[in-house]
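A.B. asks: Following this message is one structure expressed as structure tokens.
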Amino acid sequence: MYRHVYLRTFSLNDRRLSRSRFLCVLAALSVAWTSQADDRMTDPDRAIAVDALRADFAALYDGLKSGHADLYAHRDKAEYDLHYDKMLSALDKPMSLFDAQVYFQRFVAYGNVAHARIEFPREAHRRFEDRGGKSFPIYLRIAEGRSYVGEDYSGHADVRPGDEILSLNGIAMAVWLERTAAHISADTAYIAHSLLEFTFPRYLWLELGEVPEFELRLRTALGAEKTIVIAARSAEEREQLAADRPPNFSLDNELRSFELLDNSVAFLRPGPFYNAEDPSAMWDNTAFTAFIDGAFDAFLEAGALKLIIDLRDNPGGDNSFSDPMLAWIADRPFRFASEFLIRSSDEAAASNQARLDASPGAAANVSRLMAERYAQVPRGEQFAFDIPLAAPREDRRFDGEVYALINRHSYSNTVNVAAILQDYGFGTIVGEKTSDMATTYGAMETFTLPLTGISVGFPKAHIIRPSGDTRTDGVTPDWTIESPLTPAAEDRVLEHLLRRLRGDLGDEAADR
């Protein structure tokens with residue numbers, strides 16, 4: 001199994017309330033690599049002496065240089081060294097563990113690689129929200145670097161979804177995006193902005209602390225500008241405001257469903273590629289495979305000629321889940337990467353061994369092979385790890401037209417699925433470009449800083465998409481359908497695709 005999950009952890013009420021389950025899923029996933037944190041991490045207010053901070057900051061950079069698949073992929077080494085010296089010099093007074101995590105993560109994020117990161121100190125944020133702490137009450141929709149009101153929980157009569165936010169507290173929103181994105185490990189501004197759509201209030205809290213209100217300069221859809229002041233809101237207040245308004249369409253990324261949309265078009269929403277129903281057996285694909293087989297049996301029995309696979313807002317997972325789904329539509333063997341290139345390091349070897357020690361049975365195959373290669377390959381050198389081909393089904397399979405919907409919130413293994421469909425010609429990709437990468441630095445491992453106990457994630461591998469394209473880039477759809485700027489009662493993207501498949505759109509409209 002090759003787990004490729006975008007392990008982001010958010011607190012329940014920090015995400016847009018209409019998709020709150022997304023937070024629970026990702027928080028559960030974080031257990032996969034943060035559950036072994038030691039007792040030093042249980043007190044975020046614990047003071048850490050300057051000498052310990054400086055020693056662990058040096059250990060942080062040394063560990064990244066040793067274990068990271070390519071630490072300088074997006075930053076010149078001289079540039080990174082100067083940044084290190086500047087941040088090390090600034091460590092001249094004790095810090096709380098919370099502040100150290102935030103400070104160290106800013107250094108890791110400087111490398112602009114999504115799978116190198118220190119997780120957000122979610123326990124401190126949970127305590128803040130549990131005591132009634134109040135945050136910025138608007139979730140952004142960010143398009144081409146401009147910030148719009150996505151979901152509004154301010155309760156202010158002059159705020160409308162779709163209004164452009166020009167400034168916050170007198171500072172241009174472009175500056176706020178840069179300041180908050182500096183906390184996020186991301187290869188591009190596009191992926192950072194896609195994540196800020198979930199997390200801007202949380203990172204604004206890191207920048208400002210708790211404040212009672214915010215001044216906004218807004219531009220309406222008609223071009224009128226106005227300055228207003230909105231109150232910060234607690235999680236309880238945001239929930240109440242959400243409950244008092246009519247529901248809008250929202251993608252539930254835990255939902256698994258299938259149906260016949262008409263006599264010929266089938267629809268499959270596979271949900272996450274892990275066992276979201278039972279986090280204690282997260283990588284058991286038994287129930288998922290049965291669900292997929294049942295869906296395709298129903299499609300074939302109904303005589304469906306076209307299939308839409310909805311991968312929007314899918315956080316990813318493991319190819320042991322996605323491969324059985326793809327096997328139903330594949331006409332030849334396939335795999336999620338043309339090359340899987342691993343850097344041999346003490347950090348990766350130790351993380352792999354810890355996984356073996358914790359679960360020798362489940363980890364026996366891949367992790368044991370990895371351990372053998374780490375023992376053979378000199379540290380610092382790269383080796384190719386064989387990704388076996390997955391076979392198409394030999395008996396019944398779906399041979400109709402396949403369309404896969406993607407968007408900026410299709411992450412990690414979901415991007416691999418889209419790349420397989422596109423690169424092997426198994427289907428047509430529809431929607432908006434993924435922010436996460438098809439060729440990427442991933443397969444994250446961890447090491448622990450010796451004095452603070454902070455866990456550091458790093459990518460051990462360079463994963464090349466099936467086509468062999470080495471550019472660090474997302475999956476670009478064959479047919480572009482932009483995600484709506486504002487919430488709506490219906491699924492506008494799916495309806496647009498269905499109209500195109502039915503021939504109800506002109507050529508010009510169909511190409512948008």
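Every number in this text was worked out from the coordinates using simple rules, so none of it is lab data. The structure presented is a predicted model; accordingly, all values stated were derived computationally and were not measured. Using ideal geometry, Cβ is built from the backbone for each residue, glycine included, and neighbour counts are taken over all protein chains shown.
A.B. asks: Using 0.36 nm per residue of separation minus the Cα-Cα distance, give me the extension gain between Ala375 and Asp85 in nm, one decimal.
C.D. replies: Gain on stretching Ala375 to Asp85: 101.0 nm.
A.B. asks: In whole Hz, what ³J(HN,Hα) sequence does region 118-132 give by Karplus (6.51, -1.76, 1.60; θ = phi - 60°), x for Gly and Pro?
C.D. replies: For region 118-132, the Karplus curve yields 9, 5, 4, x, 5, 5, 5, 5, 4, 4, 4, 6, 5, 8, x Hz.
A.B. asks: Mind grabbing the base-10 log of I(q)/I(0) for region 138-233 at q = 0.11, 0.25 Å⁻¹? Debye formula, identical points on the C-alpha positions, no solvent, two decimal places.
C.D. replies: Once normalised to I(0) and log-transformed, intensities are -0.28, -1.53.
A.B. asks: Then there is this: Just check region 225-284 against the gyration tensor rule for me: Cα atoms, a ≥ b ≥ c as the square roots of the eigenvalues, rounded for a/c under 1.5, and otherwise prolate or oblate depending on whether a/b exceeds b/c.
C.D. replies: oblate
A.B. asks: Taking R0 as 45 Å, what FRET efficiency do you get between Asp357 and Arg502 from their Cβ-Cβ distance, rounded to the nearest 0.05?
C.D. replies: The formula returns an efficiency of 0.20 here.
A.B. asks: Continuing with this model, one more query. For region 138-233, what relative contact order do you get, as a whole percent, if you take Cα pairs closer than 8 Å and at least 6 residues apart?
C.D. replies: Relative contact order for region 138-233 comes out at 30 percent.
A.B. asks: Another one. From the phi angles alone, apply the Karplus equation (6.51, -1.76, 1.60; θ = phi - 60°) to region 390-395 and give each ³J(HN,Hα) in whole Hz, x where the residue is Gly or Pro.
C.D. replies: 8, 8, x, 5, 8, 9
A.B. asks: Next up: In nanometres, what is the gap between the two model label sites at Ala47 and Ala221, each 7 Å from Cα along Cα-to-Cβ?
C.D. replies: Calculated label separation equals 5.5 nm.
A.B. asks: Taking region 80-146, which trypsin sites (Lys or Arg not before Pro) meet the DSSP loop condition and have no more than 13 other C-beta atoms within 10 Å?
C.D. replies: Loop-located and lightly packed - Arg131.
A.B. asks: Give the residue list of GluC sites (Glu not before Pro) in region 305-410 that are DSSP loop and have at most 15 other beta-carbon atoms within 10 angstrom.
C.D. replies: When the GluC sites (Glu not before Pro) of region 305-410 are filtered for loop state and at most 15 Cβ neighbours within 10 Å, Glu381, Glu394 remain.
A.B. asks: Let me ask something else about it. Using a 10 Å cut-off around each Cβ, can you sort Thr439, Thr486 from fewest to most neighbouring Cβ atoms?
C.D. replies: If I rank by nearby Cβ atoms, fewest first, I get Thr486, Thr439.
A.B. asks: Here is a further query. Just from its helices, what would the mean residue ellipticity at 222 nm be for the chain, if runs of 4 or more DSSP H residues each count -39500 (n - 2.57) and the sum is divided by every residue, rounded to the nearest 500 deg cm²/dmol?
C.D. replies: Calculated at 222 nm, the ellipticity per residue is -11000 deg cm²/dmol.
A.B. asks: Would you mind classifying the chain by shape? Square roots of the alpha carbon gyration tensor eigenvalues, ordered a ≥ b ≥ c; an a/c under 1.5 is rounded, otherwise it is prolate if a/b is larger than b/c and oblate if not.
C.D. replies: oblate
A.B. asks: DSSP loop trypsin sites (Lys or Arg not before Pro) in region 308-399 with at most 13 other Cβ atoms within 10 Å of their Cβ, which ones?
C.D. replies: Hits after loop and neighbour filter: Arg396.
A.B. asks: Once you sort the root eigenvalues of the Cα gyration tensor of region 51-151 as a ≥ b ≥ c, which label holds: rounded (a/c under 1.5), prolate (a/b larger than b/c) or oblate (the other case)?
C.D. replies: oblate
A.B. asks: Can you tell me the relative contact order of the chain? Whole percent, Cα pairs under 8 Å, sequence separation 6 or more.
C.D. replies: With pairs under 8 Å counted, the relative contact order is 19 percent.
A.B. asks: Ok, one more. Please list, in order, the residues from region 405-434 whose amide nitrogen is less than 20 Å from a point placed 7 Å along the Cα→Cβ vector of Glu495.
C.D. replies: 405-407, 430-432
A.B. asks: Here's a follow-up. If neighbour count is taken as other Cβ atoms inside 10 Å, put Ser345, Ser167, Ser280 in order from fewest to most.
C.D. replies: Ser280, Ser167, Ser345
A.B. asks: Apply the Karplus parameterisation 6.51 cos²θ - 1.76 cosθ + 1.60, with θ equal to phi minus 60°, to every residue of region 431-443 and state each ³J(HN,Hα) to the nearest whole Hz, in sequence, with x for glycine and proline.
C.D. replies: Residue by residue, region 431-443 yields x, 10, 4, 5, 7, 6, 9, 7, 9, 8, 9, x, 6 Hz.
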